[in-house]
Structure formats: C-alpha cells, structure tokens
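Have a look at the structure below before the remarks.
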Amino acid sequence: MKDRLVLGTLLLVIHSFASFLVFLYCHINTESQAVFVYFLFFVVDAPTVPLAFEIEGHIGLLSDLTDRWTDLWYYGHQGVNLRAFILTAVFGGLHWFTIGILMSYVFRWIQKRLHRRPA
C-alpha cells in the first residue's frame with residue numbers, strides 16, 4: 001500500500017508543479033491568449049479536467065471566489081488564470097494520483113505473477 005501512495009503522490013506533485021508553472025507563465029505574460037496553454041491539460045488529464053471545467057461552467061462557484069480574490073489584490077485580469085489553475089491542479093492532480101495508485105497495483109500484480117512461475 002505504501003508503494004501505491006508514494007507513486008500516486010509523486011505523480012500528483014509533478015502534475016501540480018507543472019500546473020503551477022503554467023499559472024506563472026500566464027500571470028507574467030501580458031497577452032490575453034496566454035491562458036490557452038491550459039488546453040494542454042485538457043488532453044493530458046482527459047476526461048477529468050474537461051469534466052471539471054464543464055461542471056464549473058454550469059455551477060460557477062469558482063467564478064465568484066476567484067473574481068473577488070483578484071479584485072482584492074488588484075489583479076482583475078487574473079481571475080480566469082486563477083480559476084484554471086485551481087481546476088487543473090486539484091482535478092488533474094487527483095487524476096494522476098489515481099493513475100499512480102492503479103499503475104503501482106498493476107506493476108505489483110505483474111511482479112507477483114512472474115515470481116510465482118517455476119523456472
């Protein structure tokens with residue numbers, strides 16, 4: 001069980017770091033279309049992140065929170081960036097955490113099957 005958590009956590013940390021780097025890129029970049037970099041996560045984290053964006057589009061819970069946060073800190077242009085970062089970091093991170101646990105389980109299962117066979 002420990003191996004599963006380690007691999008899952010490792011993939012979660014790597015994904016969250018990548019998401020944070022994209023957030024910084026969009027925050028520093030002055031072009032309004034810089035947020036399209038997040039579309040890369042739509043492919044890598046499919047179907048979790050696209051589903052999270054779809055649900056957020058209908059509910060709009062993060063819209064109010066991130067817009068209020070950015071109004072407080074005078075970064076009015078960063079609401080979309082912050083919202084995309086939260087969705088990709090949380091849901092994409094959980095996506096890769098689950099994949100890491102499943103991969104560890106499959107590798108352990110294969111290893112046990114190979115060791116059981118007589119030579």
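The values are calculated or read from the model by the stated rules, or taken from the named source; none is laboratory data. Predicted model, so just to flag it, every value in this text is computed and none were measured. For neighbour counting, all protein chains shown are included, and Cβ atoms are generated from backbone atoms with ideal geometry for every residue, glycine included.
Worth pointing out:
- Check on residue 84, among the hydrophobic types (A, V, I, L, M, F, W, C), in a helix (DSSP H, G or I) and modelled with pLDDT of 95 or more: no
- Qualifying residue in region 70-81 (condition: part of a helix (DSSP H, G or I), within 10 Å of the chain's Cα centre (by Cα), closer than 22 Å to residue 18 by Cβ and modelled with pLDDT of 80 or more): no
- Selection count, region 45-66, where residues are at pLDDT 90 or above, in contact with a helix residue (DSSP H, G or I) (Cβ under 7 Å, 6 or more places away or on another chain) and not hydrophobic (A, V, I, L, M, F, W, C): 4
- Looking only at region 32-44, residues that are under 12 Å from the mean Cα position of the chain (by Cα) and over 13 Å from residue 85 (Cα atoms) come to 2 in all.
- When residue 46 is tested against (1) outside any helix (DSSP H, G or I); (2) surrounded by 13 or more Cβ atoms within 10 Å (Cβ to Cβ), only condition (2) is not met.
- Inside region 51-69, residues that are closer than 13 Å to residue 84 by Cβ and either within 11 Å of the chain's Cα centre (by Cα) or exposed (fewer than 15 other Cβ atoms within 10 Å of the Cβ) (or both) make up a count of 3.
- Neighbours by Cβ (under 7 Å, 6+ apart or cross-chain): first from region 22-48, within 14 Å of residue 79 (Cα to Cα); second loosely packed, with under 15 Cβ neighbours inside 10 Å and at pLDDT 90 or above: 34/25
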